[in-house]
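A.B. asks: Sending over a structure as structure tokens; questions will come in a sec.
The values are calculated or read from the model by the stated rules, or taken from the named source; none is laboratory data. Treat the numbers as computed from the prediction; the structure is a model and nothing was measured. Note that each Cβ is placed from the backbone with ideal geometry, even for glycine, and that neighbours are counted across all protein chains shown. SASA here: full protein model, heavy atoms, side chains in, ligands and nucleic acids out. Shrake-Rupley method; radii C 1.70, N 1.55, O 1.52, S 1.80 Å.
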Amino acid sequence: MTYPSVFCSNCGNDYPKDGIPYCCSICGGLFDFRSGLQFDPTQMERSQPGIWRFRHTFGLPPDLAPVSLGEGNTPLLWAEVLGRRIAFKCEFLNPSGSFKDRGSAVITAWLISRGVTEVVEDSSGNAGASLAAYAARAGIKARIFIPESASGPKRRQIEAYGAELVPIPGSRSDVTKAVRNAADGGSVYASHAYIPFIFLDMPARLTRFLNR
């Protein structure tokens, strides 16, 4: 199955039917969506957990079982700030404590659909912890590349989910360079920055916010 709705923003090449490339194999460009994803309220599957009610927008195989830890359905709390009514979305109530759990649920299901059993990712904290949690849920082995200076609590959270930590000396850019070297060597790079499918839950997030 190819994904003509996802293409290389540099040369126009469609996302391939095999593998999980984080960049275009032809020109090295980044993948993106050709147009916005479509949401149809009549296709909502209200029996599904959390964001999976909106799975018709995700472009995943229809028979794929959702990967979920109970992400989504976080409340809005209203308050007055500088004379205006403001809604605060309580995303810290997601399973790993981050809104990134929404994207991690989707990309983990996507990884399963392509037979992936091991991944690498780079993170300074939240994204790595989130992916580690969902990889554990799905039975995927994860190696998380982090800055050597990453905070102790985040390191322990990632390790608590069973992921392997790979501390990298230097800057955050050095961490990205190291994980991309691993990806270029054959590892699957489940990047929250480069893989477009991690943003497939965006319509669900926006719709939930606007409809509350």
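A.B. asks: Output the number of the condition that residue 28 fails; it satisfies all remaining conditions of (1) open to solvent by 30 Å² or more (accessible area, probe 1.4 Å); (2) in contact (Cβ under 8 Å) with a residue 40 or more places away in the chain; (3) within 20 Å of residue 192 (Cα to Cα).
C.D. replies: Condition (2) is where residue 28 drops out.
A.B. asks: Pick from 163, 129: which is touching a residue at least 12 places away in the same chain (Cβ under 8 Å), crowded, with 19+ Cβ neighbours inside 10 Å and closer than 21 Å to residue 93 by Cα?
C.D. replies: Numbers: 163 fails: closer than 21 Å to residue 93 by Cα.
None of the others qualify; the one that does is 129.
A.B. asks: Quick one: which of 70, 50 is surrounded by fewer than 16 Cβ atoms within 10 Å (Cβ to Cβ) and under 17 Å from the mean Cα position of the chain (by Cα)? Reasoning before the result, please.
C.D. replies: On the way: 50 fails: surrounded by fewer than 16 Cβ atoms within 10 Å (Cβ to Cβ).
None of the others qualify; the one that does is 70.
A.B. asks: Restricting to the range 1-39, name every residue that is part of a loop (DSSP other than H, G, I, E, B), at pLDDT 90 or above, under 21 Å from residue 108 (Cα atoms) and among the hydrophobic types (A, V, I, L, M, F, W, C).
C.D. replies: Listed by number, the residues that qualify are 23, 24, 30.
A.B. asks: If we keep just the residues of the range 80-120 that are among the β-branched types (Val, Ile, Thr) and touching a Phe, Trp or Tyr at 6+ places or on another chain (Cβ under 8 Å), which is most open to solvent (accessible area, probe 1.4 Å)?
C.D. replies: First, the residues of the range 80-120 that are among the β-branched types (Val, Ile, Thr): 81, 86, 106-108, 112, 116-117, 119-120.
From the residues that got through so far, the ones that are touching a Phe, Trp or Tyr at 6+ places or on another chain (Cβ under 8 Å) too are 86, 106-108, 119-120.
Details: 86: 62, 106: 0, 107: 1, 108: 1, 119: 7, 120: 2 Å².
Step by step, filter the range 80-120, then rank; the result is 86.
A.B. asks: Further question on the same structure: I'm checking my understanding of the structure. Among residues of the range 166-212 that are outside any helix (DSSP H, G or I), surrounded by 20 or more Cβ atoms within 10 Å (Cβ to Cβ) and out of contact with any strand residue (DSSP E or B) (no Cβ under 7 Å at 6 or more places or on another chain), which one is modelled with the highest pLDDT?
C.D. replies: The selected residue is 195.
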